[in-house]
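Derivation of every value follows stated rules applied to the coordinates shown; laboratory data play no part. The structure presented is a predicted model; accordingly, all values stated were derived computationally and were not measured. As a convention, Cβ positions derive from the backbone with ideal geometry for all residues, glycine included, and neighbour counts pool all protein chains shown.
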Amino acid sequence: MIEKELTDFDIRQIALSGQCFRLRPLSENTFSLTAFGRYLEISQQGGKVQFSCTEQEWKEIWENYFDLHTDYAGIKKAVDPEDFYLQEAVRMGGGIRILRQELWETIAAFIISQQNNIPRIQKCVDALCGEFGREAEDFRGNPYRCFPEPEALAAASEGQLREMGLGYRAPYLVKTARMVCEKEVNLEELPSLSYEEAKAELLKLCGVGVKVADCICLFALHHIEAFPVDTHIKAMLKRYPKGFPFERYQGFAGVLQQYAFYYELHGQKGNGKTAGS
DNA sequence: TGACAGGTACATG
DNA sequence: CATGTACCTGTC
């Protein structure tokens with residue numbers, strides 16, 4: 001068990017931020033997570049956060065996974081004080097971190113995410129894990145499932161995935177899994193590429209368009225300059241009649257995208273006011 | 001009943 | 001290059 005005093009960290013907000021589909025509430029203050037083949041429970045009371053892992057696992061995986069070395073306070077400080085919309089978004093979702101998720105899992109999850117809602121995405125991911133994922137035991141001795149390897153999904157049939165609720169995304173995922181196995185896109189090389197290079201590679205995959213590629217760049221490769229534009233963010237951008245000030249936030253606009261996305265989804269809704277200034 | 005959900009592939013002009 | 005359309009499926 002690891003206990004940390006953390007700032008700019010709210011596990012509930014992270015779970016609701018829509019970047020990770022395997023971080024789920026167990027109770028009011030406790031969440032479960034499966035990633036990197038491991039199972040973790042996270043409990044938070046105010047700034048006190050407990051992680052159900054050893055010191056070694058913390059150092060090897062989770063400290064980096066939760067992006068604890070990035071200066072979020074500094075990012076928030078850079079937000080225009082007169083931008084009422086962003087200020088409010090930061091106030092509501094300032095505990096969000098951009099997770100450093102596994103590449104393959106992120107690719108698969110965001111192919112499934114298109115024209116889809118979060119509960120159903122979670123259901124699809126669960127189904128894939130249950131059917132094709134390796135089984136393991138958590139620290140209590142309870143079984144859990146890992147996210148399936150590309151090989152497992154490449155061997156699946158389109159019909160099989162349709163039955164699991166993926167709908168028309170089923171052939172996309174099978175094709176992309178096969179492309180990854182054939183190394184038509186080499187995932188091992190992606191982390192060393194620039195944002196633009198990585199995005200171009202990802203766009204070769206089936207079912208990966210501009211928006212999904214940006215999500216993968218942001219949530220797996222940690223290119224926090226990536227700014228995925230979806231239906232919610234389009235609504236947000238409309239609040240800026242003069243255009244969103246991307247220049248001001250060059251290099252980390254993706255973090256603000258997450259604050260805004262969370263705010264659009266869980267914050268004050270039906271508020272058509274512009275951003276001010 | 002119909003629109004919508006963190007869009008994309010594919011076909012056209 | 002820009003626009004148009006079909007696409008699984010559950011939920012409101």
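Results, tabulated for the structure shown:
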quantity: Label-point separation in nm, A:PHE84 to A:ARG120, each point 7 Å along Cα→Cβ; calculated: 3.6
quantity: Estimated FRET transfer efficiency when R0 is 22 angstrom, pair A:MET1-A:GLU137 (beta carbons, to 0.05); calculated: 0.80
quantity: Cα shape, the range A:2-80, gyration tensor, a/c 1.5 rule; calculated: prolate
quantity: Chain lengthening between A:LYS211 and A:GLU158 when straightened (0.36 nm per residue, less Cα-Cα); calculated: 16.7 nm
quantity: Local electrostatic count, A:GLY209, Cβ distance below 13 Å [Lys/Arg +1, Asp/Glu -1]; calculated: +2
quantity: Environment charge of A:LEU218, counting only residues whose C-beta is closer than 13 Å and scoring Lys/Arg +1, Asp/Glu -1; calculated: 0
quantity: Calculated FRET value between A:LYS242 and A:ASN64, using beta carbons and R₀ = 45 Å, to 0.05; calculated: 0.75
quantity: Surrounding net charge for A:ARG97, when Lys and Arg each add one and Asp and Glu each subtract one, Cβ distance under 15 Å; calculated: -1
quantity: Along chain A, longest interval not containing exposed trypsin sites (Lys or Arg not before Pro), exposed being DSSP loop plus at most 13 other Cβ atoms within 10 Å; calculated: A:1-133
